[in-house]
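Read the structure below first, then the notes.
The values are calculated or read from the model by the stated rules, or taken from the named source; none is laboratory data. Everything numeric here is computed off the predicted structure, so don't read it as measured data. So basically every Cβ, Gly included, is an ideal-geometry build from the backbone, and we count neighbours across all protein chains shown. The accessibility values were calculated without ligands, DNA or RNA, using every heavy atom of the protein model including side chains. Shrake-Rupley method; radii C 1.70, N 1.55, O 1.52, S 1.80 Å.
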Amino acid sequence: MHTGRRSQWMDKGTSKDRGDEERTSYFKIATVVLTYWTISITMVFANKYLVGSPQSKDDISLFVAWFQCVVCVIFISVFTRVGQKCTDMTPPTFTIAIATNRQMLTLSCLFVGMLTFNNLCLKYVGVAFFQVARSMTLIFTVILSAVILKKYASLQSVLCCFLVIAGFFLGIDQENVAGTLSVQGVGYGIVTSAFVSLTGIFTKRALELVEKDSVKLTFYNNLNAAILFIPLVIVSRQTSVIFDPVRLWDSYFWFAMGLSGMFSFLIAWASARQIHYTSPVTHHVSNNVKSVLQTILAVLYFQETKPLLWWFSNVLIITGAFLYAVVKIKEEKQAQLLQEESKTKNGSVAP
């Protein structure tokens, strides 16, 4: 009798512990997702403030990118040393062989191109249209994966890409109807998309050099980029713009510069944490939801009015990107099942 009661109490205690663990897990996931959204959206708005608009008389897009890389390297060095006291985090150490490796240098050059055209795109288009202008990233990823990696997309993946392409051109059409279309901004967005795709492909290769340590890769990549940006900033004469007395003593401007540099590291960290606590497909869904929230906030903040078809273009792009992620996850699971079945058959046949 007593044994039965004791087992009931134990079962209740176990279920209560499981409930507490689930609530803690959900809280962690919610915190990580909200952190990612906050950092990502804040960085886009901060960059828009820094690079200005087409009407701005000065262009400092290259200097902004260079400064962000410098701050990112400094922040990683400080952050990892502070984290070393609390966790098992190891500060990255500089090795010339890794920094000058061909794969690392290739990645850094692509990274410089990505940051440059990303800032130029943001200068010529509004934050609300920014996601549409850069939506060709998925298309370039599919094309370049086939050309470089010899990984060919399935019919379902290609159909998802057509949804994105339809949304891209519809968005351009609606911007043109509204009289706010910047052909130059869209051009920069397409080039940015190509650089984003190439950076993603070569990042996987460069990770092998740093034992798949994303923090160390971010450190080397930003360090190389900071050096590569120096001649570009000097040739473009953007340093003279920065040292103008009005901007030099603008505390709000330098605060935004420092914040965006710090966030350039935090966005990579938040992405890694989100994938760690959820999954790659959940991260992709979260990124799409963030894009929707970012677009809505931009429309409200800048007090813009958008027609129904403009919103529909965003829906097409987000739906296509989401379905593409779902298709890729299903294909990866099927590939894993086939590998397991093959191993099982080989194991049973082996003497």
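For the stretch 244-254, putting each phi into the Karplus relation 6.51 cos²θ - 1.76 cosθ + 1.60 with θ = phi - 60° gives couplings of 5, x, 5, 7, 4, 9, 8, 5, 5, 5, 6 Hz, in residue order, rounded to whole numbers and with x for Gly and Pro. The modelled label-to-label distance between residue 296 and residue 183, using points 7 Å beyond Cα along the C-beta direction, is 3.5 nm.
Extension gain, residue 243-residue 93: 0.36 nm per intervening residue step, less the Cα-Cα distance, totals 50.7 nm.
With 23 Å as the limit on Cα-Cα distance, the pairs of 150/330; 28/333; 150/216 that go past it are 28/333; 150/216.
With charges set only on the Cβ (+1 for Lys and Arg, -1 for Asp and Glu), what does the dipole of the stretch 146-232 come to about its Cα centre, in debye to the nearest 20?
So the magnitude is around 340 debye.
Taking θ as phi - 60° and the Karplus parameters 6.51, -1.76 and 1.60, the scalar couplings of the stretch 318-335 work out to 5, 5, x, 5, 5, 5, 4, 5, 5, 4, 5, 5, 4, 5, 5, 5, 5, 5 Hz in sequence order, x denoting glycine and proline. Within the assembled protein chains, the solvent-accessible surface assigned to residue 333 is about 120 Å², based on a 1.4 Å probe. Surface exposure of the stretch 165-315, expressed per residue as accessible area with a 1.4 Å probe, stands at 52 Å².
The apolar share of the surface of the stretch 134-208, taken as the fraction of accessible area on carbon and sulfur atoms (1.4 Å probe, ligands and nucleic acids excluded), comes to 69 percent.
Of the peptides 90-102, 317-329, the ranking by mean beta-carbon count within 10 Å, highest at the top, reads 317-329, 90-102.
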